[in-house]
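A.B. asks: This is the structure I want to talk about, given as structure tokens.
The values are calculated or read from the model by the stated rules, or taken from the named source; none is laboratory data. This is a predicted model, so every value here is computed, not measured. Please note: Cβ atoms are built from the backbone with ideal geometry, for glycine as well, and neighbour counts cover all protein chains shown.
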Protein chains: 2
Amino acid sequence: MYLLVMGLAGSGKTTLTGAFAKWMRENGHKVRVVNLDPGAEHLPYNPDFDIRSIVTVEKLMKEHGLGPNGAMLKASEVIVENAKEILKHEAFKPFDATVIIDTPGQLEIFMLRHEGYKFTSLLKRRAPTVGVFLVDGSMVYNIADLVTSWMLGLLVQVKLDIPTIPVFSKSDLIKDRSLVEKVVEDPLSLTEDIEKSLSGVTAELAIEMARLLAEYRQSLRPVLVSAITGEGFEELFSVVHEAFCSCGDLS
Amino acid sequence: MYLLVMGLAGSGKTTLTGAFAKWMRENGHKVRVVNLDPGAEHLPYNPDFDIRSIVTVEKLMKEHGLGPNGAMLKASEVIVENAKEILKHEAFKPFDATVIIDTPGQLEIFMLRHEGYKFTSLLKRRAPTVGVFLVDGSMVYNIADLVTSWMLGLLVQVKLDIPTIPVFSKSDLIKDRSLVEKVVEDPLSLTEDIEKSLSGVTAELAIEMARLLAEYRQSLRPVLVSAITGEGFEELFSVVHEAFCSCGDLS
């Protein structure tokens, strides 16, 4: 199977990829790791395949005189143009191991664009593909942050049409843990808080989103994890497995 | 009033800002324009205030030896640290003109983070603040793209707690105009298409999102615009005005 690790810039994709792969190995599971981020500076793991052997954002900036944005977009195009070649690398063999794929640093430059969709479509054709959508738990300041961050994971699921597990990362750094835990257990429990903190139509919108989250929670529940303490890894593994099963059924 | 122009990288924020400001001026409205993107390379308008006089991504990369991501994050922090000083600039006087604010190039680096929330909160305290959320219409390939792109605008609305108008930009380049027009008029009309093109839980999710869009459409309807042909500018102006009124009521 393929496990796509996604999330906004800074949500902890690379750190979690390294730590979760290590945990899986230690628990007897075969894992390969792919770095798909052409802008990565330092990796805390040894990738079995590294996209930087094909393209890096820095080189594109220098060679084509591009700004950072232009270079990141260009890098996305290079990945898709070379996708079939890339997928031939043995790191991508999907049946004897879980292939964890650390996606490009900025969600909007790859996974939220057609490039990410195309790449994911190629993966899906080869083997069941499951997404993990990271929300930086330490950046959740209020109920609106929480609802919208989680919803973003659902958007990615619809955009890519793969089961996507919402994961609150950096659980060791979460400021208001009770807020996150309460919402994760029962998104509708905070309707009153939403009404207090947001205005008019926006509050109604947020409540509707919370309803959607509550409903969706029955199919794939969110998990709190910490790449530092290892909290939530066992639960993440079992949710990934559940998603893989439903995903296998569908494919 | 403040009009925040937001959207993913490449959605056409800067082009629309320039063209819409020109159109408003030609139609007798007083406008000032602010560039808040520290990574902007070329502006098609003369800003009344330019954040690059305070911070640029390129300089931060050179001076602090940062990669593009790190420099963009740092630039966001610099904007918020200096926000009170910045807002003293006369370009930000909110009552004698509409102040159109062209936001940083990447949504996830500023508007989807706490920095964007803080800056918007400061604006809201001074005057009614309305958002415009651009979706690059030429990048809409299918029903899932459409639903999720529009939903992203609603997420931004909840995240920032300001009325936010969904705008499909580059209408002159839209590939399947009938799809966009149909959905914009009646999001629920495409339930069948969703069921055909997406699988299981993902299809259900997309339909729930379409329901939410249909409901929300009653309060702020989406607009198709082209910065090249000027299509939709009159409608955009009237939706902005409606949002401004409801926003004024609330504040």
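A.B. asks: Which helices (runs of 4 or more DSSP H) does the stretch A:75-173 wholly contain that include 2 or more residues that are within 23 Å of B:S11 (Cβ to Cβ) and either within 12 Å of chain B (Cβ to nearest Cβ) or at pLDDT 95 or above (or both)?
C.D. replies: By residue number, A:114-126, A:143-160.
A.B. asks: Now for a different question. Which one is farthest from the other protein chains (Cβ to nearest Cβ), of the residues in the stretch A:33-46 that are surrounded by fewer than 20 Cβ atoms within 10 Å (Cβ to Cβ) and modelled with pLDDT of 95 or more? Break it down into steps so the answer makes sense when it comes.
C.D. replies: Kept after step one, since they are surrounded by fewer than 20 Cβ atoms within 10 Å (Cβ to Cβ), are these residues of the stretch A:33-46: A:41-46.
Going one step further and asking which of them are modelled with pLDDT of 95 or more, we end up with A:43-46.
Numbers: A:L43: 13, A:P44: 16, A:Y45: 19, A:N46: 21 Å.
Step by step, filter the stretch A:33-46, then rank; the result is A:N46.
A.B. asks: Given the criterion over 21 Å from A:L152 (Cα atoms) and among the charged types (D, E, K, R), identify the matching residue among A:E77, A:E108, A:E115.
C.D. replies: Working: A:E108 fails: over 21 Å from A:L152 (Cα atoms); A:E115 fails: over 21 Å from A:L152 (Cα atoms).
Exactly one of A:E77, A:E108, A:E115 is over 21 Å from A:L152 (Cα atoms) and among the charged types (D, E, K, R), namely A:E77.
A.B. asks: Using beta carbons and a limit of 9 Å, which pairs, at least six apart or on different chains, have the first residue in the stretch A:9-24 and on the phi < 0 side of the Ramachandran plot and modelled with pLDDT of 95 or more and the second one of a type in the set (D, E) and in a loop (DSSP other than H, G, I, E, B)?
C.D. replies: That search, which allows pairs on different chains as well, returns A:K13/A:D37; A:T14/A:D37.
A.B. asks: Pick from B:F95, B:F49, B:F20: which is among the hydrophobic types (A, V, I, L, M, F, W, C), closer than 28 Å to B:V225 by Cβ and surrounded by fewer than 18 Cβ atoms within 10 Å (Cβ to Cβ)? Please lay out each step first, then the result.
C.D. replies: Numbers: B:F49 fails: surrounded by fewer than 18 Cβ atoms within 10 Å (Cβ to Cβ); B:F20 fails: surrounded by fewer than 18 Cβ atoms within 10 Å (Cβ to Cβ).
Step by step, each of B:F95, B:F49, B:F20 is checked, and only B:F95 is among the hydrophobic types (A, V, I, L, M, F, W, C), closer than 28 Å to B:V225 by Cβ and surrounded by fewer than 18 Cβ atoms within 10 Å (Cβ to Cβ).
A.B. asks: Residues being under 20 Å from the mean Cα position of the chain (by Cα), over 26 Å from A:E234 (Cβ atoms) and among the hydroxyl-bearing types (S, T, Y): count how many of those fall in the stretch A:142-198.
C.D. replies: Selection size over the stretch A:142-198: 1.
A.B. asks: For the stretch A:150-198, what are the residues that are of a type in the set (G, A, S) and out of contact with any Ser or Thr (no Cβ under 9 Å at 6 or more places or on another chain)? Please lay out each step first, then the result.
C.D. replies: At the first step, the residues of the stretch A:150-198 found to be of a type in the set (G, A, S) are A:153, A:169, A:171, A:178, A:189, A:197.
Selection gives A:S178, A:S189, A:S197.
A.B. asks: Pick from the stretch A:187-220 the residues that are touching a residue at least 40 places away in the same chain (Cβ under 8 Å) and more than 11 Å from every other protein chain (Cβ to nearest Cβ): which of them is surrounded by the fewest Cβ atoms within 10 Å (Cβ to Cβ)?
C.D. replies: A:D193
A.B. asks: Does any residue in the stretch A:111-136 that is without any contact (Cβ under 8 Å) to a residue 40 or more places away in the chain come within less than 7 Å, Cβ to Cβ, of a residue that is among the aromatic types (F, W, Y) six or more places away or on a different chain, and which pairs are these?
C.D. replies: Cβ pairs passing all conditions: A:H114/B:Y141.
A.B. asks: Run A:E58 past the list (1) in contact with a Phe, Trp or Tyr (Cβ under 6 Å, 6 or more places away or on another chain); (2) at pLDDT below 95; (3) surrounded by fewer than 18 Cβ atoms within 10 Å (Cβ to Cβ) and report the number of the one that doesn't hold.
C.D. replies: Failed condition: (1).
A.B. asks: Is it fair to say B:G200 is farther than 30 Å from A:P128 by Cα and not β-branched (V, I, T)?
C.D. replies: Numbers: farther than 30 Å from A:P128 by Cα: no; not β-branched (V, I, T): yes.
No.
A.B. asks: Hey, another quick one. Give the stretch B:54-74 a look and list any residue that's within 11 Å of chain A (Cβ to nearest Cβ) and either touching a strand residue (DSSP E or B) at 6+ places or on another chain (Cβ under 9 Å) or of a type in the set (A, V, I, L, M) (or both), or say none.
C.D. replies: Once the filter is applied, which keeps residues that are within 11 Å of chain A (Cβ to nearest Cβ) and either touching a strand residue (DSSP E or B) at 6+ places or on another chain (Cβ under 9 Å) or of a type in the set (A, V, I, L, M) (or both), the stretch B:54-74 yields B:V57, B:L60, B:M61, B:L66, B:A71, B:M72, B:L73.
A.B. asks: Let me ask something else about it. Quick one: is B:K30 modelled with pLDDT of 95 or more, buried (at least 20 other Cβ atoms within 10 Å of the Cβ) and basic (K, R)? Steps first, answer last, please.
C.D. replies: Details: modelled with pLDDT of 95 or more: yes; buried (at least 20 other Cβ atoms within 10 Å of the Cβ): no; basic (K, R): yes.
The answer is no for B:K30.
A.B. asks: I need a count of the residues in the stretch A:18-65 that are assigned to a loop (DSSP other than H, G, I, E, B), over 15 Å from B:N69 (Cβ atoms) and more than 18 Å from the chain's Cα centre (by Cα).
C.D. replies: Within the stretch A:18-65, residues that are assigned to a loop (DSSP other than H, G, I, E, B), over 15 Å from B:N69 (Cβ atoms) and more than 18 Å from the chain's Cα centre (by Cα) number 9.
A.B. asks: Residue pairs, Cβ under 7 Å, 6 or more apart or interchain, first in the stretch A:146-168 and over 20 Å from B:S149 (Cβ atoms), second surrounded by fewer than 24 Cβ atoms within 10 Å (Cβ to Cβ) and among the polar types (S, T, N, Q). List them.
C.D. replies: What qualifies is A:P163/A:S246.
A.B. asks: Taking the stretch B:1-17, which residues are within 14 Å of chain A (Cβ to nearest Cβ) and either surrounded by fewer than 19 Cβ atoms within 10 Å (Cβ to Cβ) or in a loop (DSSP other than H, G, I, E, B) (or both)?
C.D. replies: B:L8, B:A9, B:G10, B:S11, B:G12
A.B. asks: Suppose the filter is closer than 30 Å to B:P38 by Cα and more than 9 Å from chain A (Cβ to nearest Cβ); does B:R177 pass it? Explain how you work it out, then say what you get.
C.D. replies: Working: closer than 30 Å to B:P38 by Cα: no; more than 9 Å from chain A (Cβ to nearest Cβ): yes.
Answer is no for this residue.
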